[in-house]
1. Pull up all non-local amide H partners of Ile95: gap of 5 or more, or a different chain, and H-to-H distance under 5 Å with H placed in the peptide plane.
2. Equivalent-ellipsoid semi-axes (√(5λ), Cα gyration tensor) for the range 314-382, whole Å, largest first?
3. Summing +1 for each Lys or Arg and -1 for each Asp or Glu, what net charge is found among the other residues whose Cβ lies under 12 Å from the Cβ of Gln431?
4. Quick one: check the C-alpha center-to-center distance for the range 357-404 versus the range 19-56, whole angstrom.
5. Just list whichever of Lys14/Lys400; Lys282/Lys400; Lys137/Lys252; Lys414/Lys505; Lys400/Lys468 have alpha carbons separated by over 29 Å in the model shown.
6. Run the Debye formula on the Cα coordinates of the range 444-509, all scatterers equal and no solvent, and tell me log10 I(q)/I(0) at q = 0.12, 0.27 1/Å.
7. When a/c is below 1.5 the answer is rounded, else prolate if a/b is larger than b/c, else oblate, so apply that to the range 322-440 with a ≥ b ≥ c taken from the square roots of the Cα gyration tensor eigenvalues.
8. Run the dipole for the range 444-509 about the Cα centre, Lys and Arg Cβ at +1, Asp and Glu Cβ at -1, nothing else charged, and hand back the magnitude in debye, nearest 20.
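Taken together, the values in this text are just the output of simple stated rules run on the coordinates, not laboratory data. Note that the structure is predicted; figures quoted are calculated from it, not measured. With ideal geometry, Cβ positions are generated from the backbone for all residues, glycine too; neighbour counts draw on all protein chains shown.
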Amino acid sequence: MSIAALDGDALLFKGVEWDFGTIRRAYEAIEEIAIGELGLNVYPNRIEVISAEQMLDAYSSTGMPLFYKHWSFGKHFAQHETLYRKGMRGLAYEIVINSSPCISYIMEENTATMQALVIAHAAFGHNHFFRNNYLFKQWTDAEGILDYLEFAKGYVAQCEDRYGQVAVERVLDATHALMSHGVHRYPRRKIPDLRSEQKRELERREHGERMYNDLWRTVPGKEKQAPDLTDVQRRRALLELPQENILYFLEKVAPRLAPWQREILRIGRQVAQYFYPQSQTKLMNEGCATWVHYYIMNRLHEKGMLGDGAMMEFLHSHTSVVRQPDFDDPYYGGLNPYALGFAMMQDIVRICEQPTDEDREWFPDIAGSGSGIAVLREVWANYRDESFVSQFLSPHLIRKFGLFHVADDADDPKLRVAAIHDERGYRRIRQALSRQYDVAHLDPDIQVVDVDLGGDRRLILHHRVLNKVLLDEGDTRQVVQHLADLWGYDVVLREVDATTETVLKEHVASSRHVFG
């Protein structure tokens, strides 16, 4: 017997008002479609209803519950609140957390239709993507993240009580400045069990206390000798250089940091690593969630569980989200990830179920396979944005979106159209667009390359420059200063041409000895 029949009415709700019984009925009806028809595989769900002010607070701390305190979160809260109160910015209908249970925040100001929409979008669309995509499996611990955040919040609070708020904020400021360079970009080891981090922190502290003895300062050292090439190679091998994860290197090697400061660096890089897959899958993640909510809401309407008025409200919201302004539209801000992601998901289903001759030529493995949903589930599990676009952006969609490739060479005063709508052009457009989602081209490649711990202890980093694009001078100066403060000695960042190895620019900072 269906849920609607049990309630004596086919509709899940009437009008805009809702209560928790409405949420329960909508959730169960959506779950039946998501699991039964789409075959989604999701974490257990936890739906939390919050106010607009609580949503603003979630914005300020990157949407994470139980986050530690930092002045920047308050600044972001004040900024978002001011814009929201003046009517200059709306709020998201939901925020979803990649955890188990998967937490979905929904606003109490939402109508009943919007609550159903965001449950379908977040609690099943995003949830399925989080649980099944290979990047999230490879890099995140959904079972342990909530416990780890609780530990991190408590640990930072204890450090503030013991060492002072100013001292802790200085470490957090420097950590936040380097968080984008605090991730391992390639699999090195099994993902950490975040639930055991508190136990390991206690073990590290106890070990340090057992090993420390002030008498070691009085032991005479060896006379310094000029290092030969083998010494340099041995040192670099011992320090695992070059090292792309700068926070990891500082946590393990920085000479002047206290154990509690190293632990805060560790917290920062664990959080950075948690968010790493999300930066590579925004197009796919939003496309997946948008396609799922569109399918589910249409099925609810077909089954008589969603009224025509509610369906019109849903379609108004949905079309606003997936709208792609033209390049000459005042609201154009690049490709809308909701629009392109949703369109590509729909296109894959079309290719599988109603292919054209062109589709059969471009996608012989899936064209006419008949099961678009099965192909989507495989795509959601095995691709990231860059590979997804390079494999599945079709000529049909390139024409629909009016995409073309313009070559912009800094040495040439004129722009040149490098790809149009022909077979070669489609491939070049697809390749050019996919590179815009490739982290190797988006994020600067900065690595620690050398340091002589027995000499002047100057830390040397290289930025491998692609396409002659140098780092922003102002931002680089501040970040290198934070790096020097954490390191405790001079830091040199050299910008090196990736092809010729020529040094294009050099940034130097000396430690202000604010730590240690």
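1. Amide H neighbours of Ile95, under 5 Å, 5+ apart: Tyr105.
2. Numbers: eigenvalues 150, 40, 24 Å².
Square roots of five times the eigenvalues give 27, 14, 11 Å.
3. On the way: positive: Arg424, Arg427, Arg428, Arg430, Arg435; negative: Glu386, Asp438.
The answer is +3.
4. That distance is 29 Å.
5. Values: Lys14/Lys400 37 Å; Lys282/Lys400 21 Å; Lys137/Lys252 26 Å; Lys414/Lys505 27 Å; Lys400/Lys468 33 Å.
As for pairs spanning more than 29 Å Cα to Cα, those are Lys14/Lys400; Lys400/Lys468.
6. With no solvent term, the Cα-only Debye profile gives -0.29, -1.20.
7. Working: a/c = 1.87, a/b = 1.66, b/c = 1.13.
It is prolate, given that a/c is not under 1.5 and a/b is the larger ratio.
8. Working: 7 positive and 13 negative charges, 7 e Å.
Using only the charged Cβ atoms, the result is roughly 40 debye.
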